[in-house]
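Participant: Next up is a structure, given as structure tokens.
The values are calculated or read from the model by the stated rules, or taken from the named source; none is laboratory data. Worth saying up front: this structure is predicted, and the values here are computed from it rather than measured. When we count neighbours, we look across all protein chains shown, and the Cβ atoms used for this are built from the backbone with ideal geometry, even at glycine. Please note that ligands, DNA and RNA were not included when accessible areas were found on the heavy atoms of the full protein model with its side chains. Shrake-Rupley method; radii C 1.70, N 1.55, O 1.52, S 1.80 Å.
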Amino acid sequence: HADIAMYHAKESGRDAIRFFTAEMNEQVHDRLLLEQALRTALERDEFHLAYQAQVDSASGRCIGVEALLRWQHPELGAVSPARFIPVAEALGLIEPIGEWVLRTACRQARTWQEAGRPLRVAVNVSARQFRNQDFPERVAAVLEETGLPPTLLELELTESMLMGQAERAELMLRRLKQLDITLSLDDFGTGYSSFSYLQRFPIDTLKVDQSFVRAMLTGSRAVSIVAAIVAMAHSLGMRVIAEGVELASQRRQLVELECDEMQGYLYGRPQPAEVLELPG
Ligand code: C2E
Ligand code: MG
Ligand code: MG
Ligand code: MG
């Protein structure tokens with residue numbers, strides 16, 4: 001890619017080369033700015049959580065929420081987690097940030113529970129957090145500190161975290177399950193799905209990735225894949241939640257396929273707790 005850019009730059013003369021270099025510089029500069037800003041974001045209280053409803057297909061009631069991290073920087077504005085989380089991982093900042101997310105989400109769920117609206121809260125876990133041997137103890141400590149019943153906490157993991165070191169991952173998952181929390185696999189079907197780990201790991205829920213939900217509109221192959229995921233999950237005693245449900249037609253298809261829960265803009269966008277409106 002870089003070679004092609006250089007080639008075009010040379011073709012069109014010196015100015016073009018300078019332009020290319022300037023653009024490169026700008027990218028490096030942007031990255032440095034982002035890194036610097038990220039280092040102080042936590043202490044400057046620039047993060048907040050948005051919560052998105054997870055709805056039970058049968059009853060239409062909201063039974064849980066997913067906590068999604070939001071970063072509002074005074075100059076950079078709102079930065080997407082897809083952009084800053086990989087940077088936070090690389091800088092070794094994801095552990096304190098992840099712990100802040102976990103504590104904030106558990107505290108919020110505890111507040112809802114005390115107000116008579118028990119909602120399960122799902123928290124995304126990064127690879128780096130999951131690699132830390134102390135992670136299960138950290139989770140236990142946050143549950144203890146916030147008073148949230150463990151049955152109201154769900155941790156979202158991804159397939160890639162479980163690959164490679166199956167022994168270690170299995171031990172980690174068992175320790176987490178001992179806390180009596182729920183474990184789900186996020187973006188299911190997009191990573192290196194392996195039937196052997198589904199058989200062996202104590203996963204409660206598969207979250208069908210939104211790419212399949214989207215593809216279902218135009219292709220019967222995606223429908224078959226979702227049907228197969230649901231059948232397999234159910235026969236293994238797991239639940240299935242569909243991500244990225246935007247249209248009533250998708251909901252109808254997913255209900256027909258016996259998908260247990262739905263999440264997506266059709267039911268609500270991720271919103272701060274203060275303004276969150278829950279369906280059902
Ligand atoms: P994810 O965990 O798969 O979260 C779902 C993403 O899909 C969220 O994007 C959500 O806003 C978006 N979404 C929800 N419903 C719909 C829909 O109907 N249509 C479409 N097109 N999108 C929908 P978001 O909030 O930008 O987060 C992106 C990713 O960043 C997350 O994907 C997750 O991998 C990561 N992330 C977010 N918060 C955290 C966090 O606290 N910790 C870690 N480690 N990762 C996080
Ligand atoms: Mg997630
Ligand atoms: Mg997902
Ligand atoms: Mg994702």
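Participant: Assuming residue 225 fulfils every condition listed in (1) away from ligand 1 (no atom under 12 Å from the Cβ); (2) in contact (Cβ under 8 Å) with a residue 40 or more places away in the chain; (3) surrounded by 14 or more Cβ atoms within 10 Å (Cβ to Cβ) apart from one, which condition is it?
Facilitator: (2)
Participant: Further question: Any chance you could count how many residues in segment 84-101 are open to solvent by 20 Å² or more (accessible area, probe 1.4 Å) and either touching a residue at least 24 places away in the same chain (Cβ under 8 Å) or in contact with a Leu (Cβ under 8 Å, 6 or more places away or on another chain) (or both)?
Facilitator: Count: 9.
Participant: Here's another thing I want to ask about it. Within the set of pairs 6+ apart or on separate chains, which have a first residue in segment 198-210 that is open to solvent by 10 Å² or more (accessible area, probe 1.4 Å), a second that is β-branched (Val, Ile, Thr) and part of a loop (DSSP other than H, G, I, E, B), and C-beta atoms under 7 Å apart?
Facilitator: These pairs meet every condition: 209/190.
Participant: Follow-up question, since we're still on this one. Just to be sure I understand the filter: pairs with C-beta atoms under 6 Å, separated by 6 or more residues or on different chains, first member in segment 65-80 and under 11 Å from residue 47 (Cα atoms), second member within 16 Å of ligand 4 (Cβ to nearest atom) and not in a strand (DSSP E or B). Which pairs pass?
Facilitator: Sorted first by the residue in segment 65-80, then by its partner, the pairs are 68/270; 69/81; 69/101; 71/84.
Participant: Let me ask something else about it. Which one of the conditions (1) free of Cβ contacts under 8 Å to residues at least 40 places away in the same chain; (2) open to solvent by less than 70 Å² (accessible area, probe 1.4 Å); (3) under 17 Å from residue 51 (Cα atoms) does residue 141 fail to meet, given that it meets all the rest?
Facilitator: (3)
Participant: (1) within 14 Å of ligand 3 (Cβ to nearest atom); (2) open to solvent by 70 Å² or more (accessible area, probe 1.4 Å): which one isn't true of residue 157, the others all being true?
Facilitator: Going through (1) within 14 Å of ligand 3 (Cβ to nearest atom); (2) open to solvent by 70 Å² or more (accessible area, probe 1.4 Å) one by one, residue 157 breaks only (2).
Participant: Residues that are at pLDDT 95 or above and among the β-branched types (Val, Ile, Thr): which strands (runs of 3 or more DSSP E) entirely in segment 90-195 hold 3 or more of them?
Facilitator: none
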